[in-house]
Amino acid sequence: MATTANHFTLTLLLFGLLIVTSLDFTVGQVGVCFGRLGNNLPSVQRTLALYKKYNIRRMRLYDPHPPTLRGLAGTGIRLMLGIRDDELRDLANCPDAATAWVRTNILQHPNVTFRHITVGNEIDPDSEFGPFVLPAMQNIYRAVRTAGRAGQIKVSTSIRTDLLNTSYPPQAGEFKCSVNWYIRPIVEFLRDTQTPLLVNVYPYFAYMNDPQNINLSFALLQPNSGVVAGGVYYDNLYYAILDAVDAAMERILAAVPSLFSVFSEEMKKGGSRNPGGKGSETGWSSKGGGNTPMAADMGYTTALGDGPINTVENARIYNNNLMRIVKSGTPRRPGRPLETYIFAMYDENLKPGPAYERHFGIFLPNGQPKYPLRFR
Ligand SMILES: *[C@@H]1O[C@H](CO)[C@@H](O)[C@H](O)[C@H]1NC(C)=O
Ligand SMILES: *[C@@H]1O[C@H](CO)[C@@H](O)[C@H](O)[C@H]1NC(C)=O
Ligand SMILES: *[C@@H]1O[C@H](CO)[C@@H](O)[C@H](O)[C@H]1NC(C)=O
């Protein structure tokens, strides 16, 4: 009898552990961006086998590449799916185009686990695409909601942090007033749908842009290299950047509501709940190439080039530390684990720009890991 009882207890314990582990599994997860700008990359099937082998449970895909969508079916890999820039105009202007996009790229793939749709990636508000982002988000959101999938699939856009005027200390985070026309209605829409703003968070570029004032180990997310910023202790630069976006969103939502917002359901309920930011890209390049000036189109004022910070060792340190820091929340949102996506799966030899752009991969084109990295 005693043995059976013990056995039962043990089974319960094991079962409990399994539940705890599987719950923990989806919390604070790091996915990988599957960028495909290379002419020497492994096939989709081989790539998906690598995701499985290395326990990578989330993928960001920049456009609805049909072979990848077909390959993802039944894998359970949670997908963040992008929209091509050249589709934004139609999606913004024609609700039917959005309905068709959702039908073709989401509904026709019933066995793919879609979690996010990114309407625009790093769109420059002043580019030709800027005015289309919000209306395209609204039309895609309506189409997703009509399909009954709004509870599972979040519709957002992915921004670059150069939309911020102030990012330090994080509490002082503020968007540039010149992009207010763009970001404010987007943030209000995201408040109304309670969807995080997606943010490409790059301590790498922040450090490259300001090595005099940023400690490299703070940028590499090394344990015990925290700083006190505006009276708040920050473990690492990733948290600081995400919190700056959170504070900037809060500032928008605390201000006098815009005309549209006054009529929103959320405002009628008296809410101003800030959905905050969520990581959609991060990473560290393992190789530079001479002293190439930072491209002006990266939005940085200092032309420092890609010097000695681009090493395999720094990339290994950064991405391994990332696995640890996502398990806890930031000072502004303690107890809320993060989700993020490492850029990128492979070194992409056709990526334009300075040499470092082509060395963000965690795998070599032959499918070998560039350095040890444990997904958990
Ligand atoms: C989805 O999976 C189910 C169960 O495995 C299968 O019967 C169905 O054909 C799949 N649908 C598609 C479109 O792949
Ligand atoms: C940035 O912030 C400074 C200081 O608050 C302010 O003077 C300036 O106008 C802001 N610039 C933009 C583009 O928002
Ligand atoms: C950076 O931070 C680390 C850890 O706190 C410290 O050991 C190191 O001296 C700092 N480096 C500089 C240049 O301040």
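Within segment 74-147, list the trypsin sites (Lys or Arg not before Pro) lying in a DSSP loop whose Cβ has at most 15 other Cβ atoms in a 10 Å radius.
Numbers: sites: ARG78, ARG84, ARG89, ARG103, ARG115, ARG142, ARG145; in loops: ARG84.
Taking segment 74-147 and a limit of 15 other Cβ atoms within 10 Å, the loop trypsin sites (Lys or Arg not before Pro) found are ARG84.
Sorted from greatest to least, the principal axis extents spanned by the alpha carbons of segment 98-209 come out as 43, 27, 25 Å. List, in the order given, every pair from LYS176/LYS327; LYS154/LYS327; LYS176/LYS370; LYS278/LYS370 whose Cα-Cα distance in the structure shown is over 28 Å. As for pairs spanning more than 28 Å Cα to Cα, those are LYS176/LYS327; LYS176/LYS370.
Look at CYS177, CYS33 and count the other Cβ atoms within 10 Å of each Cβ; fewest to most, that gives CYS177, CYS33.
Any read-out appearing in this document is the output of simple, stated calculations on the displayed coordinates, not a laboratory observation. Everything quoted here is computed from the prediction, not taken from an experiment. Neighbour counts run over all protein chains shown; Cβ positions are idealised from the backbone, glycine included.
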